[in-house]
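Right, one structure below, let's go through it.
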Amino acid sequence: MRRRALLQSGMVLGAMGQVPGCAKAAKPHVLAAASDRQQNYWLTGMDADWQLMFKVPIPFRGHEIVYHPFAPKVVLIARRPATWLYGFDLADPHQGRLIQSKQGYHFHGHGVFDPSGQWLYTAENDYVRGRGVIVVRDAHTLNPIRYVDSGGIGPHEMKLLPDGTMAIANGGLLTHPSQPRKKLNRDNFESNIAFLDLADDRILDRIPAPFSQVSMRHLDIADEKIVVGFQDEGPSTRLIPLVGVIGKDRRFSIPEIDATALRRMKAYTASVGVSPSGDVAVITSPRGHTVSVWDLNQLEHAGSFRLRDTAAVDWSTRTNGFVISGGGGDVFSISLDRLSKCETPPSDKRVHRSLAGLMWDNHLKVV
């Protein structure tokens with residue numbers, strides 16, 4: 001269903017997107033944005049057995065889903081360069097609200113609630129001025145309160161650090177809605193990880209990419225480590241590392257990986273997940289159909305396995321492992337024990353399911 005039809009329906013679709021018998025089910029285990037081959041876009045919720053609890057039509061391609069720290073409030077943010085986000089309550093995801101970005105701005109697909117639950121921060125592009133901004137929004141109304149410089153161009157994923165600052169992955173690539181997926185400054189751009197002091201909206205530090213023509217867009221944090229995935233925008237003939245780890249000294253360390261495994265990643269990373277202990281990272285590379293596992297204590301690649309069009313990864317306390325999805329409809333949970341052996345995705349239907357016709361986007365949220 002296209003945007004106009006959704007808006008005319010009052011921004012909700014009622015029973016049209018419900019899975020029979022699941023409209024008022026318990027809290028889902030996983031939330032994810034999806035699309036199908038007809039270019040319809042969906043917000044989905046799955047239970048712990050990977051059964052669909054709801055499937056809500058939305059008028060844009062969703063990217064990251066952010067969950068309120070203590071209330072059942074959720075926001076789905078559009079993939080760049082769309083201008084929509086969808087806010088809803090888990091009690092009834094069909095009765096959500098569409099919020100549009102300010103004119104001259106578009107979303108970059110990412111956001112985060114602050115620990116108090118008072119504010120929602122969204123990564124946006126001020127494409128008139130060619131600058132990245134973090135928009136501080138009221139968590140209840142989702143309306144913008146103020147606009148803060150992100151410390152770079154193209155802000156994407158951001159995480160709140162224990163000291164109250166925000167780490168922002170500024171990809172460095174300039175985009176404009178008139179040329180939706182074109183990178184306007186690909187030949188000359190600078191990517192960084194910026195540290196924003198939320199108390200006074202001041203950029204405290206910027207850590208540049210460790211290699212030229214590298215865009216840093218996705219990261220995760222645990223145990224004072226920031227794990228960053230790279231996307232290589234340089235010549236296709238070169239081979240450079242695609243993962244970096246920032247420590248307490250705010251310097252990059254580059255984990256070791258052999259050339260064969262690195263080539264399988266096809267110069268691209270999409271989603272980064274880190275175990276709460278900070279010992280293990282999992283990174284997806286959809287262009288190479290590869291899920292890579294990283295030992296963060298030894299700073300080395302621990303192994304990889306293949307998953308067609310691999311997409312999202314997030315930590316699951318319930319299973320003491322990661323939930324991983326693929327663009328082909330695969331979704332499964334894999335424990336740290338299995339990851340340590342780099343075993344292939346489980347075939348047990350209790351922990352794995354392929355949902356035919358759905359293609360997951362590059363991020364999901366374990367609730």
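The values are calculated or read from the model by the stated rules, or taken from the named source; none is laboratory data. Note that the structure is predicted; figures quoted are calculated from it, not measured. Cβ atoms come from the backbone with ideal geometry, glycine included; neighbour counts cover every protein chain shown.
Tell me, please, whether a residue that is under 30 Å from residue 173 (Cβ atoms), buried (at least 17 other Cβ atoms within 10 Å of the Cβ) and free of Cβ contacts under 8 Å to residues at least 24 places away in the same chain can be found in region 115-134.
yes
Looking at 250, 146, which one is charged (D, E, K, R) and assigned to a strand (DSSP E or B)?
Only one candidate qualifies: 146.
Give the residues of region 45-93 that are within 30 Å of residue 179 (Cβ to Cβ), out of contact with any Gly (no Cβ under 6 Å at 6 or more places or on another chain) and among the β-branched types (Val, Ile, Thr), sorted by residue number.
Listed by number, the residues that qualify are 58, 65, 83.
Return the total of residues in region 51-79 being touching a strand residue (DSSP E or B) at 6+ places or on another chain (Cβ under 7 Å), surrounded by fewer than 20 Cβ atoms within 10 Å (Cβ to Cβ) and aromatic (Phe, Trp, Tyr).
Residues in region 51-79 being touching a strand residue (DSSP E or B) at 6+ places or on another chain (Cβ under 7 Å), surrounded by fewer than 20 Cβ atoms within 10 Å (Cβ to Cβ) and aromatic (Phe, Trp, Tyr): 1 in total.
Residues being surrounded by fewer than 22 Cβ atoms within 10 Å (Cβ to Cβ), in a strand (DSSP E or B) and among the charged types (D, E, K, R): count how many of those fall in region 149-172.
Number satisfying all stated conditions: 2.
Just to check your reading of the model, which residue among 203, 168, 153, 221 is touching a Lys or Arg at 6+ places or on another chain (Cβ under 6 Å) and β-branched (Val, Ile, Thr)? Outline the logic, then answer.
Details: 203 fails: touching a Lys or Arg at 6+ places or on another chain (Cβ under 6 Å); 168 fails: touching a Lys or Arg at 6+ places or on another chain (Cβ under 6 Å); 153 fails: touching a Lys or Arg at 6+ places or on another chain (Cβ under 6 Å).
Result: 221 is the single residue among 203, 168, 153, 221 that is touching a Lys or Arg at 6+ places or on another chain (Cβ under 6 Å) and β-branched (Val, Ile, Thr).
For region 173-187, check the following and say yes or no: at least one residue is modelled with pLDDT of 95 or more and buried (at least 21 other Cβ atoms within 10 Å of the Cβ).
Among the residues of region 173-187, not one is modelled with pLDDT of 95 or more and buried (at least 21 other Cβ atoms within 10 Å of the Cβ), which makes the answer no.
Among the listed residues 236, 215, 191, identify the single one that is surrounded by fewer than 17 Cβ atoms within 10 Å (Cβ to Cβ) and among the polar types (S, T, N, Q). Let's see the steps before the verdict.
Values: 215 fails: surrounded by fewer than 17 Cβ atoms within 10 Å (Cβ to Cβ); 191 fails: surrounded by fewer than 17 Cβ atoms within 10 Å (Cβ to Cβ).
The conditions single out 236.
Are any of the residues in region 80-96 among the basic types (Lys, Arg), buried (at least 24 other Cβ atoms within 10 Å of the Cβ) and either assigned to a strand (DSSP E or B) or on the phi < 0 side of the Ramachandran plot (or both)? It would help to see each step written out before you state the result.
First pass over region 80-96, keeping only residues among the basic types (Lys, Arg): 80.
Filter once more, keeping what is buried (at least 24 other Cβ atoms within 10 Å of the Cβ): 80.
Narrowing further to those that are either assigned to a strand (DSSP E or B) or on the phi < 0 side of the Ramachandran plot (or both): 80.
Within region 80-96 (the criterion being among the basic types (Lys, Arg), buried (at least 24 other Cβ atoms within 10 Å of the Cβ) and either assigned to a strand (DSSP E or B) or on the phi < 0 side of the Ramachandran plot (or both)), the answer is yes, since at least one residue qualifies.
Considering only region 255-333, give the strands (runs of 3 or more DSSP E) lying wholly within it that have at least 1 residues that are under 17 Å from the mean Cα position of the chain (by Cα), surrounded by 22 or more Cβ atoms within 10 Å (Cβ to Cβ) and at negative phi. Can you show your working first?
On the way: elements: 271-274, 280-285, 290-295, 300-306, 310-316, 321-326.
Filter on region 255-333 gives 271-274, 280-285, 290-295, 310-316, 321-326.
From the set of residues in region 198-231 that are assigned to a loop (DSSP other than H, G, I, E, B) and free of Cβ contacts under 8 Å to residues at least 24 places away in the same chain, which is farthest from residue 292 (Cα to Cα)? I'd like the intermediate steps shown before the answer.
Residues of region 198-231 assigned to a loop (DSSP other than H, G, I, E, B): 198-201, 209-213, 223-224.
Adding the requirement that they be free of Cβ contacts under 8 Å to residues at least 24 places away in the same chain leaves 200, 212.
On the way: 200: 38, 212: 23 Å.
By that ranking, first place goes to 200.
For residue 194, which of the numbered conditions (1) modelled with pLDDT of 95 or more; (2) of a type in the set (Gly, Ala, Ser); (3) more than 30 Å from residue 118 (Cβ to Cβ) fails to hold?
Among (1) modelled with pLDDT of 95 or more; (2) of a type in the set (Gly, Ala, Ser); (3) more than 30 Å from residue 118 (Cβ to Cβ), the lone unmet condition for residue 194 is (3).
Determine which member of the set 195, 189 is in a loop (DSSP other than H, G, I, E, B), aromatic (Phe, Trp, Tyr) and in contact with an Asp or Glu (Cβ under 9 Å, 6 or more places away or on another chain).
Values: 195 fails: in a loop (DSSP other than H, G, I, E, B).
It is 189.
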